[in-house]
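J.: Input: one structure, supplied below.
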């Protein structure tokens, strides 16, 4: 039997990772229709690793794997899958397998699983849930998308604020269905309004007669059920929260958000910003060709329009370019340097806006810094390119022209990299989505116009 199976028998699961050799063995088991071997290979893997495997193999291999792998699919695997692929996998699962997979998930995981599915697939999952669980999930789905109501789990561990530690411990021990993971015991008043929380460590380390309200945490804060999930993630990161109770309009406790869910949102926001800065939206490696084309085409079209605009600027100076061929050689350098400098400032500004570090209180200070950085870098590279222009083409004035153009474009790049995302954010447009095209247009147009305009004045 293989070394992999030897590891499984010995229970060495901690060292068991998904690598190319293991993937080849899994594909071989699929090809051989060997369900027993496939189960041996998949059993020790973490849910996230199995989700990665399903994303890496082809659609045909995936369907055969799901058919051969009896009783192995878990809800956690579905939760880890990319959203687009998740729909496909759910379609391929037998109803009884799907029911078993989602039955043990917490309510927030079920909501995350079904909220992006179409109506038929949502209904298929909701139908397999027990009545009480289905009602909870449907209530969560009634909240706005990307809100705390969608993010929270409804399984809450709470106790009256007047209890002591002993009463709380006895209560917890008597419960048969506690959440798999929770970090705080939430204290509530008679109207079900949260008044504080106690960490499990403090609960277990305190005398039984100590009152719960005497050992509450200072970090306690509540989150509105309608609060945007991005703001929720920011609060967790900013205030180092582990969990936070969610309240309705009457400040009554309706759920709890834990740090793992908040960090997923934070990671998703970071990834989304990076993808949008590159103009690829929310694409992934599992997306189909047509869907990928539809997402990328609009921004490629915008880039084409801006390139035409820059070309129109160049066309205004065709005579000077014809007289000095060196201009055609050097002008892409000016635009490229400006574009890179603008992207640097833009990336810093967009990230600072997302983390709420760039505000109206410090925008002018940040703006001055970026302009000064652009000026200093511009002067340094102006000297370098001035010397290059002189020694390459033997025209001293050409070195002066490209030097001045370089300074102007890098200063404008620093300015545009901050002003444009701030301006878009004020207009309610996602800076990560639209800033890149505007900044590139500005640096290209300014770079070409400054270089060729100065050449027309100083070289003729």
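J.: Give the residue that is nearest to residue 63 (Cα to Cα), with candidates limited to residues of the stretch 11-35 that are outside any helix (DSSP H, G or I) and at pLDDT 85 or above. Write out each step before concluding.
T.: Keep residues of the stretch 11-35 that are outside any helix (DSSP H, G or I), which gives 11-19, 32-34.
Then drop every residue that is not at pLDDT 85 or above, which leaves 32-34.
Working: 32: 14, 33: 12, 34: 14 Å.
Residue satisfying both the conditions and the ranking: 33.
Residues are listed down the side, and each one gets a yes or a no for (1) in contact (Cβ under 8 Å) with a residue 60 or more places away in the chain; (2) under 16 Å from residue 423 (Cβ atoms); (3) more than 28 Å from the chain's Cα centre (by Cα):
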site	(1), (2), (3)
352	no, yes, no
355	yes, no, no
361	no, no, no
386	no, no, yes
389	yes, no, yes
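J.: Okay, next question. Identify all residues within the stretch 108-127 that are surrounded by fewer than 20 Cβ atoms within 10 Å (Cβ to Cβ) and part of a helix (DSSP H, G or I); write none if there are none.
T.: Of the stretch 108-127, the ones surrounded by fewer than 20 Cβ atoms within 10 Å (Cβ to Cβ) are 109, 115-124, 126-127.
Correct list: 109, 119, 120, 121, 122, 123, 124, 126, 127.
J.: Can you list residue pairs whose Cβ atoms sit under 9 Å apart, with the first residue in the stretch 409-430 being over 13 Å from residue 369 (Cβ atoms) and the second being assigned to a loop (DSSP other than H, G, I, E, B)? Count only pairs 6 or more apart in sequence or on different chains.
T.: 421/358; 422/358; 422/360; 423/429; 424/430; 425/358
J.: Taking helices (runs of 4 or more DSSP H) that fall entirely within the stretch 128-247, which contain at least 1 residues that are surrounded by fewer than 16 Cβ atoms within 10 Å (Cβ to Cβ) and either at pLDDT below 95 or in contact with a helix residue (DSSP H, G or I) (Cβ under 9 Å, 6 or more places away or on another chain) (or both)? Break it down stepwise before answering.
T.: Values: elements: 131-141, 148-151, 165-174, 200-205, 229-239.
Of the helices (runs of 4 or more DSSP H) lying wholly inside the stretch 128-247, those with at least 1 residues that are surrounded by fewer than 16 Cβ atoms within 10 Å (Cβ to Cβ) and either at pLDDT below 95 or in contact with a helix residue (DSSP H, G or I) (Cβ under 9 Å, 6 or more places away or on another chain) (or both) span 131-141, 165-174, 200-205, 229-239.
J.: Could you say which residue among 428, 386 is farther than 27 Å from residue 348 by Cβ and either out of contact with any strand residue (DSSP E or B) (no Cβ under 8 Å at 6 or more places or on another chain) or not assigned by TED's automatic domain parsing to the domain that holds residue 350 (or both)? Spell out how you get there, then give the answer.
T.: Numbers: 428 fails: farther than 27 Å from residue 348 by Cβ.
Step by step, each of 428, 386 is checked, and only 386 is farther than 27 Å from residue 348 by Cβ and either out of contact with any strand residue (DSSP E or B) (no Cβ under 8 Å at 6 or more places or on another chain) or not assigned by TED's automatic domain parsing to the domain that holds residue 350 (or both).
The values are calculated or read from the model by the stated rules, or taken from the named source; none is laboratory data. Since we're looking at a predicted model, the values are computed, not measured. With ideal geometry, Cβ positions are generated from the backbone for all residues, glycine too; neighbour counts draw on all protein chains shown.
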